[in-house]
Amino acid sequence: MPAILYGFLGIWRRYFPTVAALLSLASIIGVACNVAAEEPKHIRITLARSVSAIPLWGIGPFAEKAGFRVEYIPAGTNADMQRNLQSGIELGTLGYQSPAIMAEQNVANVKIIAGEQLGGQNLIMRKGIDVKSWKDLEGKRIGRPPGSYVTILFTLAAKENGVDISKVNLISTTSAGPAELQALKSGDLDGLVLWSPVLDRAVVEGYGYYPPCCDIGKTEKYGAGNQILAANTDFLKDRDLAVRFLKVYSESLDFYVKNPDKAVNLITEYTGVSKDVIAEAWKHGIWDVRADVRTMVNVAKQGPTFGFSKADMSAKVPGYVDMSYLSAATGRPVDQLTRFVD
């Protein structure tokens, strides 16, 4: 027995350093795995520095608590954001006409997964130009950026309300803002169709106003749809991750709706626009996780008329919307998340 014991001890002394090294390596690997598991999930979001995007620009603190690290990829147009999403960026915002555009381009790796904002785009008139009904727009000089969604929405709303568009003096402008506001102020324009917060500067400075008769977002067929949240389909493959992020998104949106002062402060910070102007802009937007698919379909039918698509792609639009992730995140049925009216 002693000989056997001594032999075992000899073997143990010989191999102990190797065993200890392996145990140490296993411990290091285990720690590394735990650290990796605790690393925040990196999520890239492509979006504009707009009033509408407050739930995303302000999502940071909520995302961090849920284990996400957000990186912003600023973009100027819906087309830029669509291209970013197609290239692999996880999340981004698009417009209500975007599903029709993607359908015509046969985009297969982007889905609409939530709503973001209604409104935030409208018509204002110069002070002194009395507009009490839609028909009063006939004969007026209205500036608008050709081809933009706000122009499309204005034209559709005017027609729905009996305006003879041929009798409106439509003047092409850029979407930048300063030159357009100067033209409105000087009297070269009677009205201006554009986005917040550009419009709201004219209101705050006292030479523009929103005519109560003529909200371009109040037509039954076309609504006030503005921005929607879209995702790259690779991101959606991890369903639990996508649902978890949409819970965070919903929490962020709800927080800023309930705390408009905090929303105005943050929008002022990331846009560089004065607080008074942002406070006015805030009045003209509605933030909601729902997205009205019927409105997207109705808009898509107008694609050939306005040139954002060559053919009517409305039949394919619903296929670009998947609210099942949002439904899981919010506990609300899909059919309640895809409409604003019965």
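The values are calculated or read from the model by the stated rules, or taken from the named source; none is laboratory data. This one's a predicted model, so the numbers in the text were calculated from it and none came from an experiment. Virtual Cβ from ideal backbone geometry, glycine too; neighbours counted across all protein chains shown. SASA here: full protein model, heavy atoms, side chains in, ligands and nucleic acids out. Shrake-Rupley method; radii C 1.70, N 1.55, O 1.52, S 1.80 Å.
A compact table of results
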item: Largest-first principal axis extents of the Cα set of the stretch 148-218 (Å); result: 31, 22, 20
item: Translational D in µm²/s for the stretch 303-342 (Stokes-Einstein at 25 °C, 0.890 mPa s, Kirkwood Rh from C-alpha pairs); result: 203
item: Relative contact order of the chain, defined on C-alpha pairs under 8 angstrom at six or more residues apart (%); result: 24
item: The chain: antiparallel DSSP beta bridges as a percent of all, rounded to 5; result: 60
item: Nearest-ten-degree value, helix 2-38 long axis tilted from longest Cα axis of the chain; result: 10
item: At most 14 other Cβ within 10 Å, DSSP loop - trypsin sites (Lys or Arg not before Pro), the stretch 250-342; result: Lys283, Lys310, Arg339
item: Sites matching chymotrypsin sites (Phe, Trp or Tyr not before Pro) across the stretch 310-342 that sit in DSSP coil, with at most 12 neighbouring C-beta atoms within 10 Å; result: none
item: Average accessible surface area per residue within the chain, 1.4 Å rolling probe, Å²; result: 47
item: Calculated FRET value between Asp240 and Asp261, using beta carbons and R₀ = 45 Å, to 0.05; result: 0.85
item: Ratio Rg/Rh [Cα only; Rh per Kirkwood] for the stretch 203-265; result: 1.14
item: Normalised contact order of the stretch 218-302, rounded percent, pairs of Cα under 8 Å and 6 or more residues apart; result: 40
item: Selection from Gly162, Gly115, Thr173 lying farthest towards where the dipole of the stretch 104-177 points positive, charges on Cβ; result: Thr173
item: Amide H within-cut-off set for Gly208, under 5 Å, with H built and near neighbours excluded; result: Lys127, Val203
item: Accessible carbon and sulfur surface of the chain relative to its total accessible area, %, 1.4 Å; result: 55
item: Scaled radius of gyration (Cα, divided by 2.2 N^0.38 Å) that the stretch 242-327 gives; result: 1.44
item: Dmax and Rg, reported as Rg then Dmax, of the chain (C-alpha, Å); result: 26.9, 114
item: Whichever aspartates and glutamates have a C-alpha closer than 13 Å to that of Lys140, once near sequence neighbours (fewer than 8 apart) are set aside; result: Asp130, Asp164, Asp188, Asp190
item: DSSP beta bridges in the stretch 87-235 [antiparallel fraction, %, rounded to 5]; result: 75
item: In range of the label at Ile286: residues from the stretch 300-342 whose backbone nitrogen is under 13 Å from the point 7 Å along Cα→Cβ; result: 339-342
item: Set of the stretch 93-115 residues, backbone N closer than 20 Å to the point 7 Å along the Cα-Cβ line of Tyr72; result: 93-95, 115
